[in-house]
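Asks: I'd like to ask some things about the structure below.
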Amino acid sequence: MQSDSNLKTSSVNDTVATPVSVVAPVSIAILGAAAFVVTADARVINPLLPIIATEFKTDVGSTGIIVSAYAIPYGLFQLVYGPLGDRFGKLRIMSVALFLFSLGTVACTFAPTLFLLSLMRFLTGVVAAAIIPMSLAYIGDSFPYKERQVAIGQFLMASALAQILSTSLGGVVGDFLNWRLLFFFYGLISLVIGVVFWRVARRAALSSPVHPGRKITFRPYLVLLANPAPRLVIIAVFIEGFFFFGAFSFLGAFLRDQYNLLYLAIGFILSIVGLGNLVYSRSVKWLVRRFGENGLILIGGSLTLVCYLVIGLVQSWLLLIPLNIFLGLGYSMLHSTLQTKATEMAPNNRGTAVSLFAFSLFLGQGIGTAVLGAVIDGPGYVLAFVIAGVMLALLSIWFVAASQAYKRSTP
C-alpha cells in the first residue's frame, strides 16, 4: 500500500477537483441496479418484524436482531473491501460480491429458526458490504468534486426506488403471502443483475483504478482517523446511523402495535420515505446551489427532528403519509452531503475512505437498533422517536459548527 505520506486527506470543506475518468460502460444506471437490489433486500424486512416475531414466538424488540445481524457485518467488512477495491479494482470486487450476495439471500428463505435467519443475514451483510461503498468510490474516481454531489444524488435514486418498492412489497407479502418468498425473489433478481454487472464490468476494468503492488493493511484507516477533518465526518455518520435507522427500523412495528394496520398499509406508509429520497435526487442540483452544503445539513436535521417528534407525539397514522416524505427528504439532505464529503477525505485511497465512512454508518445503525429496541421494549416507542429526532437535530448543528471552526483554524 502507499506510504502514509501519500494517503492524502482533505478538509471537509475542500472542493478538490479530481480527474474525470470514463464512467461508461459501467454507467450510474448499472451501478444503481446493483445498489437497488442490495437496498431492497436490507429494507424489505422492516415492515415484517411483527410477523417474523410471531412465527418465531418472540417479541418485536428481540426480532430486531435480524436488522443488527445484517447492519453490523455490513459496516465491519467495509474495512476489508476498501483496501481490496483500491488494490484489485472496485468493479472486480463488486462482481464477486453480487454473486455471493444472491446465494446468501436465497439461503435466508429456508432458515428454520430466528438464530439461523440472523446467521444468514449476517453472512449476507458480509458480502453486501462491497456494493454501495465501492460504487460511491468509483463515482468519486469519475467526477470532480463540484459535480459529484449531483452524480451521487442520481445514483441514490436507485436506493430511493428500492425503498419505495421493497417496503410496499413487504407489506403485500405480510398480508397475503409468506415473508420467506421475498428472500427467494430478491436472490434470483440479484443473480440476474450480478451476471449483467459482471459482463459489463469485465469490459470496463480499466476505468477502475488498480494498484497490484499495494499491500493490504489497516494502517490507512488510522491515518484517516488521526486527521480531524475526516474524523469529523466519520463520527457524524455514526451518530446519524445510530439514531435515524435505530428508530426507523421499528416504525413498521409501531404502526402495527399502535394502530393495528394491515401490513399492506404499513408497507405503503414506510415506502413513502423513498419518495422523499426521490424528491431529493431529482432536485439535488438546485438544492446544492440554493442552500450550500451547510444549509442542507441544517435543514435536513431540522426536518428529521420535526418528523420524529410528530410521529411519536401526535396520535394519527394518516399524518405519517406526508411526514415520511419529509423524513426521507431530510435524511437525504443530511446523509448525501456527508457522503459527498466522504468521497474527498482521501482522493488517493478513495475506496478505503468511503469504506470507513460506510463502516461507521452501519455500525451506528446496528448498535442504534439494539439500543433503541431496548428503549421500545421498556419505556416505549414515543421516547425512542423523540430521542432520535432531538439527537439528529443536535448532530446537524454540531457538525456545521465544528466544520466551520476547523475551516477557520486551517491556514
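Asks: Give all pairs with beta carbons closer than 8 Å in which a residue from the range 184-203 that is closer than 16 Å to MET94 by Cβ meets a residue that is assigned to a helix (DSSP H, G or I) and among the charged types (D, E, K, R); count only pairs at least 6 apart in sequence or on separate chains.
Replies: Pairs found: SER190/ASP41; ALA201/ARG92.
Asks: In addition: Exactly one condition in (1) at pLDDT below 75; (2) more than 23 Å from SER249 (Cβ to Cβ) is not met by LEU156; state its number.
Replies: Here LEU156 clears every test but (2).
Asks: Collect the residues in the range 234-280 that are under 15 Å from the mean Cα position of the chain (by Cα), aliphatic (A, V, I, L, M) and crowded, with 24+ Cβ neighbours inside 10 Å, keeping them in residue-number order.
Replies: Passing the criteria: ALA236, VAL237, ALA247, VAL273.
Asks: List the helices (runs of 4 or more DSSP H) that sit entirely inside the range 249-361 and contain at least 2 residues that are among the β-branched types (Val, Ile, Thr) and over 28 Å from TYR406 (Cβ atoms). Steps first, please.
Replies: Numbers: elements: 251-259, 263-313, 320-342.
Helices (runs of 4 or more DSSP H) meeting the threshold: 263-313, 320-342.
Asks: Only one residue in ALA388, ALA393, ALA353 is surrounded by fewer than 24 Cβ atoms within 10 Å (Cβ to Cβ) and among the hydrophobic types (A, V, I, L, M, F, W, C), so which one is that? Steps first, answer last, please.
Replies: Numbers: ALA388 fails: surrounded by fewer than 24 Cβ atoms within 10 Å (Cβ to Cβ); ALA353 fails: surrounded by fewer than 24 Cβ atoms within 10 Å (Cβ to Cβ).
So the residue among ALA388, ALA393, ALA353 that is surrounded by fewer than 24 Cβ atoms within 10 Å (Cβ to Cβ) and among the hydrophobic types (A, V, I, L, M, F, W, C) is ALA393.
Asks: Another one. Just wondering, is there one or more residues in the range 63-81 that are in a helix (DSSP H, G or I), surrounded by 23 or more Cβ atoms within 10 Å (Cβ to Cβ), of a type in the set (Ser, Thr, Tyr) and at pLDDT 85 or above?
Replies: Yes, some residue in the range 63-81 is in a helix (DSSP H, G or I), surrounded by 23 or more Cβ atoms within 10 Å (Cβ to Cβ), of a type in the set (Ser, Thr, Tyr) and at pLDDT 85 or above.
Rundown of residues vs (1) buried (at least 20 other Cβ atoms within 10 Å of the Cβ); (2) more than 28 Å from THR63 (Cα to Cα), yes/no style:
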position	(1), (2)
LEU313	no, no
GLU344	yes, yes
PHE357	yes, no
GLY378	no, no
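Asks: Please determine, by comparing only the residues of the range 364-411 that are over 20 Å from GLY300 (Cα atoms) and among the hydroxyl-bearing types (Ser, Thr, Tyr), which one is modelled with the lowest pLDDT.
Replies: Just the residues of the range 364-411 that are over 20 Å from GLY300 (Cα atoms), to begin with: 366-367, 369-383, 405-411.
Cutting the leftovers down to among the hydroxyl-bearing types (Ser, Thr, Tyr) gives us 369, 381, 406, 409-410.
Details: THR369: 85, TYR381: 92, TYR406: 84, SER409: 78, THR410: 71.
If we take residues in the range 364-411 being over 20 Å from GLY300 (Cα atoms) and among the hydroxyl-bearing types (Ser, Thr, Tyr), then THR410 is modelled with the lowest pLDDT.
Asks: Related question: All but one of (1) in contact (Cβ under 8 Å) with a residue 60 or more places away in the chain; (2) in contact with a helix residue (DSSP H, G or I) (Cβ under 6 Å, 6 or more places away or on another chain); (3) surrounded by fewer than 19 Cβ atoms within 10 Å (Cβ to Cβ) hold for LEU100; state the number of the condition that does not hold.
Replies: (1)
Asks: What is the residue count in the range 308-325 for residues that are among the hydrophobic types (A, V, I, L, M, F, W, C) and over 17 Å from PHE268 (Cβ atoms)? Show your work before the answer.
Replies: Keep residues of the range 308-325 that are among the hydrophobic types (A, V, I, L, M, F, W, C), which gives 309-311, 313-314, 317-321, 323, 325.
From the residues that got through so far, the ones that are over 17 Å from PHE268 (Cβ atoms) too are 309-310, 313-314.
So the count comes out to 4.
The values are calculated or read from the model by the stated rules, or taken from the named source; none is laboratory data. What you see is a predicted model; the values in this text were computed from it and never measured. Note that each Cβ is placed from the backbone with ideal geometry, even for glycine, and that neighbours are counted across all protein chains shown.
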